[in-house]
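Notes follow the structure.
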Amino acid sequence: MSNPFQHWYDSCNSGDSAAKLAALPPFPTHIDVELTSVCNFRCLMCPTGNLSLQRDGEFMEWDTFDQIIDQCEPHGAGIRFIGWGEPMMHPQLFRFIRRASDALLPTHLNTNGSKLHQYEQNMILNMGLDSIKVSMQGTTAESYRDMRNIDYYEGVFTAVRTLHRRRGNAPRPWIHVSTTITDEHPSTVEVFKKRFAPYCDQISVGYTTFDYLDLAAVRLGDQDRERLEKMVANQEVEKRHPSCPEVYDKLTIHADGSARVCCNDYNGETFLGNVNDTPIGAMFHHPVIKEYREKLAREEHDYLHLCADCYDYMELTND
Ligand code: SF4
Ligand code: SF4
């Protein structure tokens, strides 16, 4: 079994931005579809969780999604259910996945795992989903609770283990568990990996990022705010701007159908059009994203509002 999106990830992450600009595809190879900007968690480091998101909480309409699939079908573009909310909160999630799957488009779901137990897991296994990533936080129940503001580490572990067992040797979905760390001791990373490794196909560990947060807009209680500010102040990681993999292959579409330059634009400051009235191909070649591509190809991150605070964190490798 292999990750059905791996060839796109390899292609996204290979070559520098200038080479990618020169070989721009006519249509995005995959689309990040935000089914909702609402979440049941209150994670400290996330604009949705800490209530600093400047957009309304909403759920994607069926007609909007239908538009996306109609346009992606002739191109075989992959559909990733990713955004600034928990996609499993969308009441029509399974219908949406089935629609993409029936159009023979590869599908991927990012989830915090909290809703996995609510569904008949055979439904998840049978609806045509090709890949699922369950996002954890920290490496232990304590660090998970600190950052996610909820005591649910063991609940997610049990849900992942059950999903993996039920899937057995079936060809899909590919199961990926990811986490990010802040100040956890490196030895706990190994413990985390050992615990989850028997129940997934892939594990990745990265650093928690705070750079893009608007701390002034965060709406948390005093204690949580204090904890967040302390974490931001204490973070010691070597940073460098990424050779951006986001704008050359992929398009991000928010729950209201608006296309954005990249997934980091959580407040929707860029606007490439709305899928309800503008073709995806036209949005993918909009002058705004073109400007990003050209500047990023020249490594001019600091001239772009979204990119000035966008970093790769060094020293940690992902498996
Ligand atoms: S679970 Fe994900 S979307 Fe929800 S608050 Fe946490 S990081 Fe944000
Ligand atoms: S913020 Fe800029 S550099 Fe970072 S991923 Fe988005 S487009 Fe690329």
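Just so you know, all these numbers are worked out from the coordinates, no wet-lab data involved. This is a predicted model, so every value here is computed, not measured. Cβ placement follows ideal geometry from the backbone for every residue including glycine, while neighbour counts extend to all protein chains displayed.
Tell me, what is the Rg over Rh of the stretch 119-168, with Rh the Kirkwood radius over Cα pairs? With Rg and the Kirkwood Rh in hand, the quotient comes to 1.05. Using every pair of distinct Cα positions in the stretch 1-123, the Kirkwood expression returns a hydrodynamic radius of 16.0 angstrom. What fraction, in whole percent, of alpha-carbon pairs in the stretch 150-290 exceed 20 Å separation? Here the long-distance tail beyond 20 Å is 67 percent of all Cα pairs in the stretch 150-290. The amide H of His30, built 1.01 Å from its N in the peptide plane, has Gly78, Leu251 as neighbours under 5 Å, considering only residues 5 or more places off or on other chains. Here the Karplus relation 6.51 cos²θ - 1.76 cosθ + 1.60, evaluated at θ = phi - 60°, turns the backbone of the stretch 204-213 into coupling constants of 9, 10, x, 9, 5, 9, 10, 4, 8, 6 Hz, with x for every Gly and Pro. Among the listed pairs Lys133/Lys290; Lys133/Lys295; Lys115/Lys193; Lys194/Lys239; Lys20/Lys194, a Cα-Cα separation exceeding 25 Å is found for Lys133/Lys290; Lys133/Lys295; Lys194/Lys239; Lys20/Lys194. Close amide H contacts of Gly113 (hydrogens built in the peptide plane, cut-off under 5 Å, sequence separation of 5 or more or a different chain): Ser135. In a simple Cβ point-charge model (Lys, Arg +1; Asp, Glu -1; nothing else charged), the chain has a dipole of about 1060 debye relative to its Cα centre. Measuring spread by the Cα atoms of the stretch 250-319 yields a radius of gyration and Dmax of 13.6, 44 Å. One chain, two ends: Glu142 and Ala22. Fully extended at 0.36 nm per residue, the span grows by 38.5 nm beyond their Cα-Cα distance. Listed from fewest to most Cβ neighbours within 10 Å, the set Leu44, Leu296 follows the order Leu44, Leu296.
Taking a Cβ cut-off of under 13 Å around Cys72, the surrounding Lys, Arg, Asp and Glu residues balance to a net charge of -2, with basic ones at +1 and acidic ones at -1.
Computed from backbone phi with θ = phi - 60° and the Karplus coefficients 6.51, -1.76 and 1.60, the 3J(HN,Hα) list for the stretch 252-260 is 9, 10, 7, 4, 8, x, 7, 8, 10 Hz; x is used for glycine and proline.
Taking max minus min of the alpha-carbon positions on each principal axis, the stretch 202-252 gives extents of 41, 25, 24 Å, largest first. Across all C-alpha atoms in the chain, the radius of gyration and Dmax reach 18.9, 52 Å.
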